[in-house]
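Shown next, in structure tokens, is the structure this report addresses.
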Amino acid sequence: MLNIILFGPPYAGKGTQSQNIIEKYGLIHLSTGDLLRAEMKEGTELGKSAQQLINDGLLVPDEVVIGMINNKIKANLSSKGFIFDGFPRTVPQAGALDHLCHENGIKIDAVIGLSVETEELTKRAVLRGQTSNRADDKDPAVISKRIIVYQDETAPVADYYRKKGLYKEVDGMNSIEQVFKDICEVLDSVQE
């Protein structure tokens with residue numbers, strides 16, 4: 001079983017690279033964004049609450065996200081592994097993920113961080129906003145707030161995994177193909 005975290009700021013290309021990794025390695029995609037969007041589409045109470053927070057550029061509470069992740073892990077324990085995309089977003093979530101992994105008898109093999117300059121993130125956000133039809137991708141204030149929230153609350157997660165020897169950084173400024181090649185080198189090395 002191969003379990004990895006794909007890490008990086010909003011608009012760094014995690015979604016694109018996740019799809020490439022899923023195709024090559026057959027992993028189950030655990031995207032908190034996808035799980036939340038499914039709840040919002042279904043109009044659940046969780047989805048309605050999450051929608052307001054997301055529209056404001058804020059994070060959804062840990063207990064909600066962790067519960068969704070745990071349910072997905074338990075339902076797929078016989079899979080080839082998991083790719084965590086957009087989770088953990090905070091150091092407490094990283095600790096909770098350690099607990100979930102222990103509880104389910106799995107471990108994180110690597111944390112791959114996509115490094116992208118802030119100016120490039122903003123350009124990518126604008127491009128995504130033109131094609132995604134998501135209001136939150138079109139609002140410059142929300143885009144800016146997401147990047148600031150990432151820097152303040154999520155970036156420290158990299159240090160958490162560096163201390164465990166699991167964090168590997170990949171230059172996300174390269175072409176999609178080169179970034180994927182670099183990711184594969186990391187994944188192939190942890191499987192040996």
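General observations
- Qualifying trypsin sites (Lys or Arg not before Pro) in segment 58-124, where qualification requires a DSSP coil assignment and no more than 11 other C-beta atoms within 10 Å, comprise Lys107.
- If you take all other residues with their beta carbon under 15 Å from the beta carbon of Gly172, and give Lys and Arg +1 and Asp and Glu -1, the sum is -3.
- Whole-number D in µm²/s for segment 1-119 (Stokes-Einstein; Kirkwood sum over Cα pairs; 25 °C, 0.890 mPa s): 165 µm²/s
- For the chain, the residue among Gly15, Val149, Ser115 whose Cα projects farthest onto the positive side of the dipole built from Cβ charges is Gly15.
- Charge tally in the Cβ shell below 15 Å around Ser49, where Lys, Arg are +1 and Asp, Glu are -1, Ser49 excluded: -3
- Residue pairs, from the table Lys138/Lys181; Lys14/Lys168; Lys14/Lys80; Lys74/Lys181; Lys72/Lys164, whose Cα atoms sit over 23 Å apart: Lys138/Lys181; Lys74/Lys181; Lys72/Lys164
- In plain terms, the chain from Asn133 to Glu42 could stretch by 30.9 nm, reckoned as 0.36 nm per residue minus the Cα-Cα distance.
Rule-based calculations on the coordinates, nothing more; no lab input. Note that this is a predicted model, so its numbers are computed, not measured. Backbone-built Cβ (ideal geometry, glycine too); neighbour counts: all protein chains shown.
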